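Some notes on the structure that comes next.
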Amino acid sequence: MTTPWIDKLRELLRTHARVAIVTITGVRGHAPQAIGAKMLVTDEGSFGTVGGGNLEQSAITEARQMLERRERSPRSITVRLAGEKGEWGAQCCGGEVSLFLEPVTREAPQVAIFGMGHVGRALAQVLSLLPLDLFLVDSRPEMLHPSRLPALDSAAHVHCCPGLIPEKWISSLSPGACVVILTHDHAEDLAILEAALARTDLRYIGLIGSEAKRAHFRKRIREAGFGEDAWSRITTPIGLPGIGDKSPAAIAIATAAQLLSLLSSPTSDVAGSEGLPDP
């Protein structure tokens, strides 16, 4: 039989929440909780207790700072309970408590799909079978309404991201994220593409399109001041090569397979462009 905090930790990690475990590892004198007491801290809440008051709030604040800074190494802190007033009140137990703060964040790979048309919806449905942070972005709010979205598996943590400036979501992605550009508007595609190329830490930048679109976008990217090194970071056409079927489902499966091969890699190298030879 598991203890409640372990069950809660599993629940939080299934939702890809960032979590820190706070454990009392030492007590000198009197304290409100004993050695071994644990508390789970997330960005938005906490579960369990290490004693309440200034002691607990100090631990929560320190743990959330660790999560915000995406620290991976644990650390210890000591809080005195000698009666002097702390930032969150006084505790006069007269003791001293040592706390061990351990981040256990499960960093899920991130994939952002820009454009929830036929291919975007099919790709979202396939990728939702994987434990991903899945961002669905569209400048048309109605395309993100639950009635328009396909049935998505609960393995992925899905973020619906509406807005008239879809390229703004590029800055929200973590290093190593994958971006797939499938919008209904070539002007939107170009704005998103330029925002993605302005970052050098994305694992994949995919652009759907025909041969004519590829040539047109290469010209526009050059005019925007990007060099050949930037163009080489774009994968277009998207998906594993050699798939003759152009249906939305086939494109989605081929693209999901291409992404999976990258997400399984320990490196964060971006994929190069594929398709036609340079004009």
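The values are calculated or read from the model by the stated rules, or taken from the named source; none is laboratory data. The shown structure was predicted, so the numbers you read here are calculated from the model rather than taken from an experiment. Methodologically, a virtual Cβ is constructed for each residue, glycine included, from the backbone with ideal geometry; neighbour enumeration extends over all protein chains shown. Accessible surface areas use protein heavy atoms only, side chains included; no ligands, DNA or RNA. Shrake-Rupley method; radii C 1.70, N 1.55, O 1.52, S 1.80 Å.
Would you call Ile165 among the β-branched types (Val, Ile, Thr) and open to solvent by 50 Å² or more (accessible area, probe 1.4 Å)?
Here the answer is yes, as Ile165 does meet what is asked.
Scan the stretch 41-69 for residues that are of a type in the set (Gly, Ala, Ser), under 17 Å from Arg80 (Cβ atoms) and touching a Phe, Trp or Tyr at 6+ places or on another chain (Cβ under 9 Å) and jot them down.
Gly53, Ser58
I'd like to know if the stretch 233-252 contains one or more residues that are under 24 Å from Glu194 (Cα atoms), outside any loop (DSSP other than H, G, I, E, B) and open to solvent by 70 Å² or more (accessible area, probe 1.4 Å).
The answer is no; no qualifying residue exists.
Would you mention how many residues in the stretch 104-134 are aromatic (Phe, Trp, Tyr) and open to solvent by 20 Å² or more (accessible area, probe 1.4 Å)?
The qualifying residues number 0.
Just to be sure I understand, how many residues within the stretch 150-174 are at pLDDT 90 or above and either within 19 Å of Leu259 (Cβ to Cβ) or in contact with a Ser or Thr (Cβ under 6 Å, 6 or more places away or on another chain) (or both)?
Selection size over the stretch 150-174: 10.
Report yes if Arg64 is surrounded by fewer than 19 Cβ atoms within 10 Å (Cβ to Cβ) and either out of contact with any Ser or Thr (no Cβ under 9 Å at 6 or more places or on another chain) or at pLDDT below 90 (or both), otherwise no.
No; evaluated as a whole, the condition is false for this residue.
Contact list please: Cβ distance under 7 Å, first residue in the stretch 213-240 and of a type in the set (Lys, Arg), second residue crowded, with 17+ Cβ neighbours inside 10 Å, pairs at least six apart or on different chains.
Close Cβ pairs satisfying both conditions: Arg214/Thr236; Arg218/Trp231; Arg220/Leu190; Arg233/Leu197; Arg233/Ile205; Arg233/Val270.
Checking Ser73 against (1) of a type in the set (Gly, Ala, Ser); (2) modelled with pLDDT of 80 or more; (3) open to solvent by less than 50 Å² (accessible area, probe 1.4 Å), only one condition comes out false. Which one?
Every condition holds for Ser73 apart from (3).
Restrict the check to the stretch 173-196 and report whether at least one residue is charged (D, E, K, R), touching a strand residue (DSSP E or B) at 6+ places or on another chain (Cβ under 7 Å) and surrounded by 14 or more Cβ atoms within 10 Å (Cβ to Cβ).
yes
Quick check, is Ala17 in contact with a Cys (Cβ under 6 Å, 6 or more places away or on another chain), open to solvent by less than 60 Å² (accessible area, probe 1.4 Å) and among the small types (Gly, Ala, Ser)?
Judged against the criteria, Ala17 is not a match.
If the Cβ limit is 6 Å and pairs must be 6+ apart or interchain, which residue in the stretch 182-211 that is within 17 Å of Glu228 (Cα to Cα) pairs with which residue that is among the acidic types (Asp, Glu)?
Listed by first residue and then by second, the contacts come to Ala195/Glu167.
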